[in-house]
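**Student:** For reference, the structure I am asking about is given below.
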Amino acid sequence: GAWLGLLGGGQLGRMFAQAAATLGYRVCVLEKDPHAPAAAVSEMHLCAAYTDRSALEKLGEKCLSVTTEFENVPADSLEILAKMTKVSPAAKSVSITQDRLDEKSFLSSIGAPVAPHCLIASAQDIENVDENLFPGILKTARLGYDGKGQIRVKNKAELTEAFNTLGRVKCVLEKMLPLWREVSVISARNAMGEATTFPVSENEHRDGILAVSIMPARISQEQADKARSIAKHIVNSLDYVGVLCVEFFILENGEIIVNELAPRPHNSGHATIEGCISSQYDQQVRAMTNMPLGDTTQIQYTVMLNILGNLWFKPDGNKFEPDWDKVLAFPHAKLHLYGKLDARKGRKMGHITCVGSTPEEAMKCALQVCDAIGLPKPEHI
Ligand code: ATP
Ligand code: MG
Ligand code: MG
């Protein structure tokens, strides 16, 4: 009954806490929101900010090891904890991934391919911008997620306007690339230096938010091997301990580019719970406790559908609770609800993993579930 600490209380933390409990650990979560999804399934909840010194000290004293489910935990908080207990991932790794420019510089330095880009932090930077970066996407260097904090720009005038709209904070301008597919690889590494990767996931976004993940991705064996080896190279180079997700673009010409990193389990890896021998959450528990990692082999095909708060809204704007019986009627559909009290449009409320013994069977189930509950269907069938 040793205690594990968790910074952040969202759904990734909830599934982590469930995996930790299965392995006999007790979880203490540090999170301000009293109704957070992870708090509801953890034995102890410190209801405080991530920067609250006394809460951090309590967590550090109590726990054998501490992890996070949220990339924007202040690096200082991780350093305070690191003086008291094991912390994974380390502050150093997390802080690289908190800044898109630092992240891209790190990736380039280890030979991982990234999109052509430049820093935009002043009017002078806009003046000097390389015209080859247009059309491009201006992204805030810090704190963006689900496509928030980024604006597409075609020329200098639009870039100036976008920079002002984003509040004139440190930004990165990235060249817009011709995407064929978006995929991701989740990797886990422990302190002994053992590293594993999960099969590649193929991801479809809608309005900047992940909508569907298909595992394994329908890409060539060569592309899959390449993506997994880049992910392994990244965790090894960071001397990373914990779970990390690498988002990739596959371009129309077949080239593979790293989009961004997430220093935690990832939405595109939810299906590892049903799909693989060990889930990404099992790996997180194993990595932080210095245990050998589990086998990531996929044992059934999966199509994961995200459930957003949009499903709660009728066309007239009134809210209702979706009829989950319609999902549960499909024996191959596994429903996960995060226990969030307030459904809002664009908010991640749950997901459904459709499983099959063939890719076609998993996809057929997903299409039927979409019809039954009113979710938008995967685009690339
Ligand atoms: P997340 O929620 O995954 O953290 P984010 O807000 O950090 O998202 P990105 O992953 O950088 O945003 O970009 C969101 C989406 O915008 C990508 O998944 C991709 O569809 C598109 N996109 C981003 N950068 C580029 C690019 N350079 N070229 C083409 N499309 C891009
Ligand atoms: Mg991101
Ligand atoms: Mg992304």
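**Student:** Identify, by number, the condition in (1) surrounded by 19 or more Cβ atoms within 10 Å (Cβ to Cβ); (2) away from ligand 3 (no atom under 16 Å from the Cβ); (3) closer than 29 Å to V235 by Cβ that A112 doesn't meet.
**Tutor:** Status for A112: all satisfied but (2).
Residue-wise test of (1) surrounded by fewer than 16 Cβ atoms within 10 Å (Cβ to Cβ); (2) in a helix (DSSP H, G or I).
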residue	(1), (2)
G1	yes, no
G9	no, no
L12	no, yes
Q18	no, yes
A21	no, yes
V29	no, no
A36	no, no
Y50	no, no
L56	no, yes
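**Student:** Report, by residue number, each residue of segment 126-179 that is small (G, A, S), more than 14 Å from D99 (Cα to Cα) and within 16 Å of ligand 2 (Cβ to nearest atom). Steps first, answer last, please.
**Tutor:** First, the residues of segment 126-179 that are small (G, A, S): 136, 141, 144, 147, 149, 157, 162, 167.
Subsequent filtering for residues that are more than 14 Å from D99 (Cα to Cα) retains 136, 147, 157, 162, 167.
Selection gives G147 alone.
**Student:** Find the residue count for segment 191-200, including only residues that are within 24 Å of K104 (Cβ to Cβ) and in a strand (DSSP E or B).
**Tutor:** Result for segment 191-200: 2.
**Student:** I'd like the full set of residues that are buried (at least 16 other Cβ atoms within 10 Å of the Cβ) and β-branched (V, I, T), limited to segment 287-301.
**Tutor:** Answer for segment 287-301, where residues must be buried (at least 16 other Cβ atoms within 10 Å of the Cβ) and β-branched (V, I, T): T289, T296.
**Student:** Here's a follow-up. For segment 79-106, what are the residues that are under 16 Å from A262 (Cα atoms), part of a helix (DSSP H, G or I) and in contact with a helix residue (DSSP H, G or I) (Cβ under 7 Å, 6 or more places away or on another chain)?
**Tutor:** Going residue by residue through segment 79-106, those that are under 16 Å from A262 (Cα atoms) are 88-106.
Subsequent filtering for residues that are part of a helix (DSSP H, G or I) retains 91-97, 100-106.
Within segment 79-106, A91, S93, V94, S95, I96, T97, D102, E103, F106 meet the criteria.
Rundown of residues vs (1) in a loop (DSSP other than H, G, I, E, B); (2) within 16 Å of ligand 3 (Cβ to nearest atom), yes/no style:
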residue: V172; (1), (2): no, yes
residue: S184; (1), (2): no, yes
residue: E202; (1), (2): no, yes
residue: A217; (1), (2): yes, yes
residue: Q223; (1), (2): no, no
residue: K226; (1), (2): no, no
residue: H233; (1), (2): no, no
residue: L244; (1), (2): no, yes
residue: I257; (1), (2): no, yes
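**Student:** Further, regarding this structure: In segment 184-209, what residues are touching a helix residue (DSSP H, G or I) at 6+ places or on another chain (Cβ under 6 Å) and either crowded, with 24+ Cβ neighbours inside 10 Å or more than 22 Å from L305 (Cβ to Cβ) (or both)?
**Tutor:** Within segment 184-209, the subset touching a helix residue (DSSP H, G or I) at 6+ places or on another chain (Cβ under 6 Å) is 184-190, 195, 197-198, 200-201, 203.
Listed by number, the residues that qualify are S184, V185, I186, S187, A188, R189, N190, A195, T197, F198, V200, S201.
**Student:** When you look at D130, is it acidic (D, E), touching a residue at least 12 places away in the same chain (Cβ under 8 Å) and not assigned by TED's automatic domain parsing to the domain that holds S237, yes or no?
**Tutor:** Yes, satisfied.
**Student:** Output the number of residues of segment 287-304 satisfying the condition of being outside any loop (DSSP other than H, G, I, E, B) and touching a Pro at 6+ places or on another chain (Cβ under 8 Å). Can you show your working first?
**Tutor:** First, pick out the residues of segment 287-304 that are outside any loop (DSSP other than H, G, I, E, B): 287-288, 298, 301-304.
Within this subset, residues satisfying the condition of being touching a Pro at 6+ places or on another chain (Cβ under 8 Å) are 298, 301, 303.
Of the residues in segment 287-304, 3 are outside any loop (DSSP other than H, G, I, E, B) and touching a Pro at 6+ places or on another chain (Cβ under 8 Å).
**Student:** If you don't mind, there's one more thing I want to ask. Quick one: is G356 touching a residue at least 12 places away in the same chain (Cβ under 8 Å) and in contact with a helix residue (DSSP H, G or I) (Cβ under 6 Å, 6 or more places away or on another chain)? Spell out the reasoning first.
**Tutor:** Numbers: touching a residue at least 12 places away in the same chain (Cβ under 8 Å): yes; in contact with a helix residue (DSSP H, G or I) (Cβ under 6 Å, 6 or more places away or on another chain): yes.
Yes; evaluated as a whole, the condition is true for this residue.
**Student:** Looking only at segment 136-180, which residues are under 27 Å from Q284 (Cα atoms) and in contact with a helix residue (DSSP H, G or I) (Cβ under 9 Å, 6 or more places away or on another chain)?
**Tutor:** Of everything in segment 136-180, those that are under 27 Å from Q284 (Cα atoms) and in contact with a helix residue (DSSP H, G or I) (Cβ under 9 Å, 6 or more places away or on another chain) turn out to be A141, R142, G144.
**Student:** Name every residue in segment 145-167 that is part of a loop (DSSP other than H, G, I, E, B) and free of Cβ contacts under 8 Å to residues at least 40 places away in the same chain, in order of residue number. Don't jump to the end; show me each part of the working.
**Tutor:** Residues of segment 145-167 part of a loop (DSSP other than H, G, I, E, B): 145-149, 154-155, 166-167.
Residues satisfying the conditions are Y145, G149, K154, N155, L166, G167.
**Student:** Tell me which residues, restricted to segment 261-286, are assigned to a helix (DSSP H, G or I), crowded, with 24+ Cβ neighbours inside 10 Å and within 15 Å of ligand 3 (Cβ to nearest atom).
**Tutor:** Narrowing segment 261-286 to residues assigned to a helix (DSSP H, G or I): 267-269, 272-275, 280-286.
When the remaining residues are screened for being crowded, with 24+ Cβ neighbours inside 10 Å, the result is 268-269, 272, 275, 280-285.
Within segment 261-286, S268, G269 meet the criteria.
**Student:** While we're looking at this one, here's another question. Could you check L143 against (1) within 16 Å of ligand 3 (Cβ to nearest atom); (2) surrounded by 17 or more Cβ atoms within 10 Å (Cβ to Cβ); (3) farther than 30 Å from K226 by Cβ and say which number it fails?
**Tutor:** Against the list (1) within 16 Å of ligand 3 (Cβ to nearest atom); (2) surrounded by 17 or more Cβ atoms within 10 Å (Cβ to Cβ); (3) farther than 30 Å from K226 by Cβ, L143 comes up short only on (2).
**Student:** Taking the options N306, N267, N318, N259, name whichever one is assigned by TED's automatic domain parsing to the domain that holds S201, touching a residue at least 60 places away in the same chain (Cβ under 8 Å) and over 23 Å from A17 (Cα atoms). Break it down stepwise before answering.
**Tutor:** Working: N306 fails: over 23 Å from A17 (Cα atoms); N267 fails: over 23 Å from A17 (Cα atoms); N318 fails: touching a residue at least 60 places away in the same chain (Cβ under 8 Å).
From the options N306, N267, N318, N259, the qualifying one is N259.
**Student:** Another question about this same structure. Just give me the residues in segment 326-353 being without any contact (Cβ under 8 Å) to a residue 40 or more places away in the chain and buried (at least 18 other Cβ atoms within 10 Å of the Cβ), in sequence order. Give the derivation first.
**Tutor:** Residues of segment 326-353 without any contact (Cβ under 8 Å) to a residue 40 or more places away in the chain: 328, 331-333, 335, 337, 342-345, 347.
Listed by number, the residues that qualify are H332, A333, A343.
**Student:** Does K154 fit the bill of being modelled with pLDDT of 95 or more, of a type outside the set (A, V, I, L, M, F, W, C) and over 23 Å from the mean Cα position of the chain (by Cα)? Break it down stepwise before answering.
**Tutor:** Details: modelled with pLDDT of 95 or more: yes; of a type outside the set (A, V, I, L, M, F, W, C): yes; over 23 Å from the mean Cα position of the chain (by Cα): yes.
Here the answer is yes, as K154 does meet what is asked.
**Student:** Output the residues belonging to segment 180-226 that are aliphatic (A, V, I, L, M), more than 16 Å from ligand 2 (Cβ to nearest atom), under 20 Å from the mean Cα position of the chain (by Cα) and closer than 19 Å to T302 by Cα.
**Tutor:** Filtering segment 180-226 for residues aliphatic (A, V, I, L, M) gives 183, 185-186, 188, 191-192, 195, 200, 209-212, 214-215, 217, 219, 224.
Checking which are more than 16 Å from ligand 2 (Cβ to nearest atom) leaves us with 188, 191-192, 195, 200, 212, 214-215, 217, 219, 224.
With the extra rule that they be under 20 Å from the mean Cα position of the chain (by Cα), the set shrinks to 188, 195, 200, 212, 214-215, 217, 224.
Matches in segment 180-226: V200, V212, I214, M215, A217, A224.
The values are calculated or read from the model by the stated rules, or taken from the named source; none is laboratory data. Keep in mind the model is a prediction, meaning the values are calculated, not measured. Glycine also receives a Cβ, built like all others from the backbone with ideal geometry; neighbour counts cover every protein chain displayed.
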